[in-house]
Amino acid sequence: MLKQTLLEATRAGASQLVHYFNRDFKISNKEGVNNLVTEADHAAEKAIIAVIQNTYPDHFILSEETGEIKSNSEYKWIIDPIDGTVNFANGIPICCVSIAVEKNGEMILGAVYAPILNEFYVAEKGMGAFLNDKKITVSNKTEVIRSCLVTGFPYTYLDSPRGPLQVFEELIRQGIPVRRLGSAAIDLCWVAAGRFDGFYEHQLQAWDSAAGFLMVKEAGGEVTDFAGEKFSPYQPQILATNGKIHNELLGYVK
Ligand code: IPD
Ligand code: CA
Ligand code: CA
C-alpha cells in the first residue's frame with residue numbers, strides 16, 4: 001500500500017515534469033545566483049502531495065518548496081518535486097522526481113523517476129534496488145584511479161579548506177574522470193546502477209539525497225559522510241560508492 005502510493009505520487013509528479021518540459025513556464029530565483037524554481041516544480045509538488053494526502057492525510061511531509069507539513073506520524077515523506085531544476089529549465093533531460101519514505105527515522109522506501117530518460121528507480125529496505133523493474137547492483141572497480149566518478153556543486157560557492165573545487169582539482173589532475181550531471185538524485189541512482197563507481201557532494205539537503213541514498217545501499221554500495229560515519233540525509237555531506245573504493249575516496253574528501 002505504502003509502496004503503491006509512493007509509485008503513484010512519483011508518477012503524478014513526473015507527469016507534470018513531462019507536461020512542462022521544453023515549454024514556456026514561469027521561472028523565479030531563490031537564494032543564490034542561479035538557484036531556480038519553476039512553475040513545474042510547484043505543479044509537481046502539488047500533484048505529489050495530493051496523492052500522498054489522499055491515502056495518508058496524517059503523515060509527516062518534508063518537501064523542498066513547501067517545507068514541513070508536521071504531524072506526530074511515524075512516517076515521513078521526503079520530496080524533491082524536480083531534482084535537476086537548472087537542467088529542466090534548459091531542456092536538459094537529466095532531471096527527475098525524488099521521493100523517500102522514512103519510518104521512525106529509518107529510510108524504508110525510495111523512488112527516483114527521470115521520465116524523459118525513461119528511467120524509474122525504486123528501492124525498498126532489505127529488498128534491493130530496481131531500474132524499470134530490473135534489479136541493479138553497484139560496480140566492481142577497486143581503485144579510484146580506474147574509477148569514473150560524479151559530483152555536484154552548491155548554488156553558492158562553499159569556501160572551505162577542502163571545498164568542492166579543491167577535491168575536484170585533485171582528482172582531475174590525476175586524470176580521474178569526474179562528471180557533473182546537475183541532479184544529485186540521478187547521480188546516486190547511477191552509482192546504484194554501476195555506471196559510476198562513486199559520488200560525493202559537500203552540501204545537499206535531505207530531499208536531494210534521501211531516496212538515492214537508499215538506492216545505493218540496496219544496490220550493495222556504501223554511503224557515509226566525509227568522516228566515514230553513518231550517513232544521515234539531515235547533514236550536508238555525502239560520499240556514496242560501490243563500497244570497494246570507499247576508504248580510498250574518503251581520503252580525498254576528508
Ligand atoms: C540540486 C541538484 C544538483 C546539486 C545541488 C542541488 P535542485 O537540486 O541536485 O545536482 O548539485 O546541490 O541543490 O535545486 O535541482 O533540486
Ligand atoms: Ca534537489
Ligand atoms: Ca528541486
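The values are calculated or read from the model by the stated rules, or taken from the named source; none is laboratory data. Remember, it's a predicted structure, so these values are computed and weren't measured experimentally. Because the Cβ atoms are built from the backbone with ideal geometry, glycine has one as well, and the counts that use them run over all protein chains shown. Protein only, heavy atoms only, side chains kept; ligands, DNA and RNA dropped before computing areas. Shrake-Rupley method; radii C 1.70, N 1.55, O 1.52, S 1.80 Å.
For region 32-50, name all the residues that are among the aliphatic types (A, V, I, L, M) and buried (at least 19 other Cβ atoms within 10 Å of the Cβ).
Listed by number, the residues that qualify are Val37, Ala40, Ala43, Ala44, Ala47, Ile48, Ile49.
Within region 165-190, track down each residue that is within 16 Å of ligand 2 (Cβ to nearest atom) and surrounded by 14 or more Cβ atoms within 10 Å (Cβ to Cβ).
Answer for region 165-190, where residues must be within 16 Å of ligand 2 (Cβ to nearest atom) and surrounded by 14 or more Cβ atoms within 10 Å (Cβ to Cβ): Leu181, Gly182, Ser183, Ala184, Ala185, Ile186, Asp187, Leu188, Cys189, Trp190.
Only one residue in Lys70, Lys30 is assigned by TED's automatic domain parsing to the domain that holds Lys103 and more than 16 Å from ligand 1 (Cβ to nearest atom). Which one?
Exactly one of Lys70, Lys30 is assigned by TED's automatic domain parsing to the domain that holds Lys103 and more than 16 Å from ligand 1 (Cβ to nearest atom), namely Lys70.
Picking from Asn35, Asn29, Asn90, which residue would you name as being within 16 Å of ligand 3 (Cβ to nearest atom), in contact with a Phe, Trp or Tyr (Cβ under 6 Å, 6 or more places away or on another chain), polar (S, T, N, Q) and within 24 Å of Thr156 (Cα to Cα)?
Asn35
It is to be established whether one or more residues within region 134-153 are within 16 Å of ligand 2 (Cβ to nearest atom), in contact with an Asp or Glu (Cβ under 8 Å, 6 or more places away or on another chain), open to solvent by less than 40 Å² (accessible area, probe 1.4 Å) and not hydroxyl-bearing (Ser, Thr, Tyr).
Yes, region 134-153 contains at least one residue that is within 16 Å of ligand 2 (Cβ to nearest atom), in contact with an Asp or Glu (Cβ under 8 Å, 6 or more places away or on another chain), open to solvent by less than 40 Å² (accessible area, probe 1.4 Å) and not hydroxyl-bearing (Ser, Thr, Tyr).
Going by the conditions given, is Glu64 of a type outside the set (A, V, I, L, M) and exposed (fewer than 15 other Cβ atoms within 10 Å of the Cβ)?
For Glu64, the condition - of a type outside the set (A, V, I, L, M) and exposed (fewer than 15 other Cβ atoms within 10 Å of the Cβ) - is not met.
Looking at (1) touching a residue at least 40 places away in the same chain (Cβ under 8 Å); (2) in a loop (DSSP other than H, G, I, E, B), which is the only condition Asp41 fails?
(2) is the only condition that Asp41 fails.
Quickly run through region 84-106 and pick out the residues that are assigned to a strand (DSSP E or B) and surrounded by 24 or more Cβ atoms within 10 Å (Cβ to Cβ).
Selection gives Cys96, Val97, Ser98, Ile99, Ala100, Val101.
If you check every pair at least six apart or on different chains, which have Cβ atoms under 6 Å apart with a residue in region 177-189 that is farther than 10 Å from Ala211 by Cβ first and a residue that is modelled with pLDDT under 95 and crowded, with 24+ Cβ neighbours inside 10 Å second?
So the pair list comes out empty.
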